[in-house]
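The values are calculated or read from the model by the stated rules, or taken from the named source; none is laboratory data. If you're wondering where the values come from, they're calculated on a predicted model, not measured in any experiment. We place every Cβ from the backbone using ideal geometry, glycine too, and count neighbours over all the protein chains shown. Note: accessible area is taken over every heavy atom of the protein model, side chains too, but ligands, DNA and RNA are not part of it. Shrake-Rupley method; radii C 1.70, N 1.55, O 1.52, S 1.80 Å.
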Amino acid sequence: MARITVRVQPSHADNTPCDHPVKPSGKPRDPDSGCTGRARYTVLCTTCGPVGEPHRLRVLADPAAATHRGEHRHHTTH
C-alpha cells in the first residue's frame with residue numbers, strides 16, 4: 001500500500017504554492033522576490049488532491065488536515 005501524505009501548503013491568491021520567506025502578516029520578506037504574499041493555506045492529500053476549501057488561517061487548516069488524515073486511517077482499518 002502506498003503511503004498517503006496530508007500536508008498544509010501556503011498558497012498565493014492565484015493558488016500557486018508560496019515557498020518564499022514571508023513575514024507573519026503574509027507579506028514577502030524580500031520585496032524583490034516576485035512573491036505576491038501568502039493569501040491562504042490549502043490542505044493537500046497525495047491521494048485526493050486539494051481537500052475542501054482553502055483556509056485563511058493556518059490554525060484552521062491544521063485541524064482540517066488532521067481530520068482528513070484520520071478519515072484515511074479509518075478507511076484502512078475497516
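Search segment 23-42 for residues being within 15 Å of the chain's Cα centre (by Cα) and either under 19 Å from Asp62 (Cβ atoms) or open to solvent by 70 Å² or more (accessible area, probe 1.4 Å) (or both), and hand back the single one that is modelled with the lowest pLDDT. Among residues in segment 23-42 that are within 15 Å of the chain's Cα centre (by Cα) and either under 19 Å from Asp62 (Cβ atoms) or open to solvent by 70 Å² or more (accessible area, probe 1.4 Å) (or both), the one modelled with the lowest pLDDT is Gly26. Out of segment 43-55, which residues are open to solvent by 50 Å² or more (accessible area, probe 1.4 Å) and either on the phi < 0 side of the Ramachandran plot or among the charged types (D, E, K, R) (or both)? Answer for segment 43-55, where residues must be open to solvent by 50 Å² or more (accessible area, probe 1.4 Å) and either on the phi < 0 side of the Ramachandran plot or among the charged types (D, E, K, R) (or both): Thr46, Thr47, Cys48, Pro50, Glu53, Pro54. Within segment 1-19, being in contact (Cβ under 8 Å) with a residue 12 or more places away in the chain, under 14 Å from the mean Cα position of the chain (by Cα) and surrounded by 10 or more Cβ atoms within 10 Å (Cβ to Cβ) holds for Thr5, Val6, Arg7, Val8, Gln9, Pro10, Ser11, His12, Ala13, Asn15, Cys18. Filtering segment 42-67 to residues that are among the β-branched types (Val, Ile, Thr) and assigned to a strand (DSSP E or B) leaves Thr42, Val43, Val51. Can you tell me which residues in segment 56-78 are over 22 Å from Ala2 (Cα atoms), surrounded by 11 or more Cβ atoms within 10 Å (Cβ to Cβ) and either polar (S, T, N, Q) or without any contact (Cβ under 8 Å) to a residue 24 or more places away in the chain (or both)? Matches in segment 56-78: Arg56, Leu60, Pro63.
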